[in-house]
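Visitor: My questions will all concern the structure given below.
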Amino acid sequence: MSSNDKDDASHSGTGDQAGDSSDHAVGKGRAGTRENDIRNTEAVKSTIADQMSRLQQANANLVVATIEARKLAEQVQMAKGELDHLAHHDTLTGLPNRILLNDRLAQAIALAQRSGKQFAVLFMDLDGFKHINDSLGHSVGDQLLQSVGKRLLGCVRQSDTISRQGGDEFVALLTDINHPEDTALAVQKMLAAIALPHHIDQQDLHISASIGISIYPDDGMDTETLIKHADTAMYQAKSKGGTTYAFFEQEMTDRAIERQSTEASLRLALERREFVLHYQPLIDLHSGTIVGIEALVRWRHPQRGLLAPADFVPIAEDSGLILPLGRWVLREACCQAQAWQDMGLPPVTIAVNTSALEFRAKDFLVSLCGILEETRLQPRYLELELTESVLMQDASSTHSVLHALSAMGVHLAVDDFGTGYSSLSYLRRFPIDTLKIDCSFINSMTDNANDASLVSAMISMGKSLKQRVIAEGVETAQQAAFLLDQQCDEGQGFFFAHPMAAKALIPMLQPGFSVKPYLH
Ligand code: C2E
Ligand code: MG
Ligand code: MG
């Protein structure tokens, strides 16, 4: 029963209870009841209308809420999509990142396993990108990376993946290849596309890349191995001078492992005193007497025997170990030269090879002065052999260090002359005392007319610049005679003497000794 029904009952009940039984009273009472009924009906209607309107409002609210909920759901979905994209793509280039590449590689492996097909993984590194980034700024570097990314995308099929690993490294997945040679074509296309000028910030930038290739399943059965081997092959391409590509070969890994173990044992070799210097005389071609001695380092490797510099100096240079090694060589060579003098032998200049890294070390001069003082060797008996690449670095520090050395009386020689850069302007700028013509020219000059002319030109150039000229790698009497004929005054090579232990050199350092008898 509603509250209105209750009201009705109470109203009629009240009339009866009052004992008002007259017609008027009755009629009046009926009319009152009708009024009441009407009023009640109106009230009911208004209540219903009110409720209806509230219901409609609620309904409208519900519709709005539903629409908003749907919008929100869409937004959440979109945000999820964006997050997903962000998690799987590189923000700078928009290319797939490492995570997505790994997914695609896993898919490619699964697919190739079923179909028996091959696919290729390419590891790309831009050559000299750091230089552009450092000299032109990060914004230009970033735009260059974006441009390279676009070019790479333009070289591959829709089904292939180009990803950016970070820095200037890109990894590509080329699926469905029939022969590894197909990959070479795609890679050549990529190298050509990257090499075209990139127009950035109103300038044309040029860049090249080195690409390493590994092929599934031959070069690896899993994602990690395939990428690692493509990376190893990329280093191979880099070592060929860049702007090229290389396929992975097992030999590379073997070499890399050997290199790692060499580096590890190099670290201990100094402490274990495993290095030794051998000495090779420089000969006056006219008199046959010794005019200098070059110190050449060797490594008495406990397992591999006596190793030549080619087996470990490049590794020492890459790892920075050349710094302590170079210091040891310099101290040992100066010490030995002074020891010969202390034995009463006539003083000779000792030549020491100096790597670029050593020469550019901040404490190079201080360390050298310390060594000279410690060993008591006069600076005029020391000659530093530098390569052309060191001298081409036209840093102001190169200039000041060379002049400081020269002022001290230390001699300076250009080693492997003729093999480095074509510009010779450094010969004017720096106080160079000696040119050592590289053995490759001497080796072929008696058979090759061009090399003979070059040797002859190098000799006259050195002489006109008042420099000593030494021919390296003289192996035959014919070569020695040819050099004399060209007015070259000094030579070094197996024809006169091999590099030898310090003790073995003592008889050759005695006054009046000459290798002349060997010349005839
Ligand atoms: P380099 O300074 O040009 O030294 C001359 C190289 O030629 C030596 O090789 C020497 O043994 C070799 N040689 C001498 N006469 C002849 C010859 O008649 N024919 C031929 N074919 N070769 C001859 P080595 O001792 O193997 O040294 C190779 C290079 O390693 C050196 O070339 C030098 O650049 C570097 N090196 C040697 N010792 C050191 C060192 O203590 N520090 C640094 N940084 N580099 C060093
Ligand atoms: Mg040398
Ligand atoms: Mg040389």
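Visitor: Can you find a residue that is hydrophobic (A, V, I, L, M, F, W, C), under 30 Å from Arg104 (Cα atoms), surrounded by fewer than 17 Cβ atoms within 10 Å (Cβ to Cβ) and outside the structural domain of Ser319 (by TED's automatic domain parsing) anywhere in the range 205-223?
Guide: Yes, there is a match, as at least one residue in the range 205-223 is hydrophobic (A, V, I, L, M, F, W, C), under 30 Å from Arg104 (Cα atoms), surrounded by fewer than 17 Cβ atoms within 10 Å (Cβ to Cβ) and outside the structural domain of Ser319 (by TED's automatic domain parsing).
Visitor: Shifting gears a bit: Are any residues in the range 150-164 touching an Asp or Glu at 6+ places or on another chain (Cβ under 8 Å) and either modelled with pLDDT of 95 or more or under 19 Å from His198 (Cα atoms) (or both), and if so, which ones?
Guide: Correct list: Ser163, Arg164.
Visitor: Note down all Cβ pairs under 7 Å where the first residue falls in the range 327-348 and is at pLDDT 95 or above, the second is aromatic (Phe, Trp, Tyr), and they're at least six residues apart or on different chains.
Guide: Trp328/Phe275; Ala337/Tyr381; Pro347/Tyr381
Visitor: Quick check on my filter: what residues within the range 462-484 are more than 16 Å from Asn443 (Cα to Cα) and either near ligand 1 (Cβ under 9 Å from one of its atoms) or without any contact (Cβ under 8 Å) to a residue 12 or more places away in the chain (or both)?
Guide: Ser464, Lys466
Visitor: While we're here: Going residue by residue through the range 358-378, is there one that turns out to be within 25 Å of Ala471 (Cβ to Cβ) and in contact with a Ser or Thr (Cβ under 7 Å, 6 or more places away or on another chain)?
Guide: no
Visitor: Filter the range 237-254 for residues that are out of contact with any helix residue (DSSP H, G or I) (no Cβ under 7 Å at 6 or more places or on another chain) and surrounded by 14 or more Cβ atoms within 10 Å (Cβ to Cβ) and give the result.
Guide: Result: Ala237, Lys238, Gly242, Glu249.
Visitor: Hey, another quick one. Only one residue in Arg164, Arg157 is part of a strand (DSSP E or B), among the charged types (D, E, K, R) and on the phi < 0 side of the Ramachandran plot. Which one?
Guide: Checking each option against the conditions leaves just Arg164.
Visitor: State which residue pairs qualify: first residue closer than 10 Å to Leu435 by Cβ and in contact (Cβ under 8 Å) with a residue 60 or more places away in the chain and inside the range 399-418, second residue part of a helix (DSSP H, G or I) and within 16 Å of ligand 1 (Cβ to nearest atom) in any location, beta carbons under 9 Å apart, and separation of 6 or more residues or different chains.
Guide: Sorted first by the residue in the range 399-418, then by its partner, the pairs are Asp415/Glu388.
Visitor: Is it the case, given these coordinates, that Leu345 is assigned to a helix (DSSP H, G or I), over 26 Å from Ser265 (Cα atoms) and either more than 12 Å from ligand 1 (Cβ to nearest atom) or of a type in the set (Phe, Trp, Tyr) (or both)?
Guide: Considered against the rule, which asks whether it is assigned to a helix (DSSP H, G or I), over 26 Å from Ser265 (Cα atoms) and either more than 12 Å from ligand 1 (Cβ to nearest atom) or of a type in the set (Phe, Trp, Tyr) (or both), Leu345 comes out as no.
The values are calculated or read from the model by the stated rules, or taken from the named source; none is laboratory data. Not measured: the values here are computed from a predicted model. Methodologically, a virtual Cβ is constructed for each residue, glycine included, from the backbone with ideal geometry; neighbour enumeration extends over all protein chains shown.
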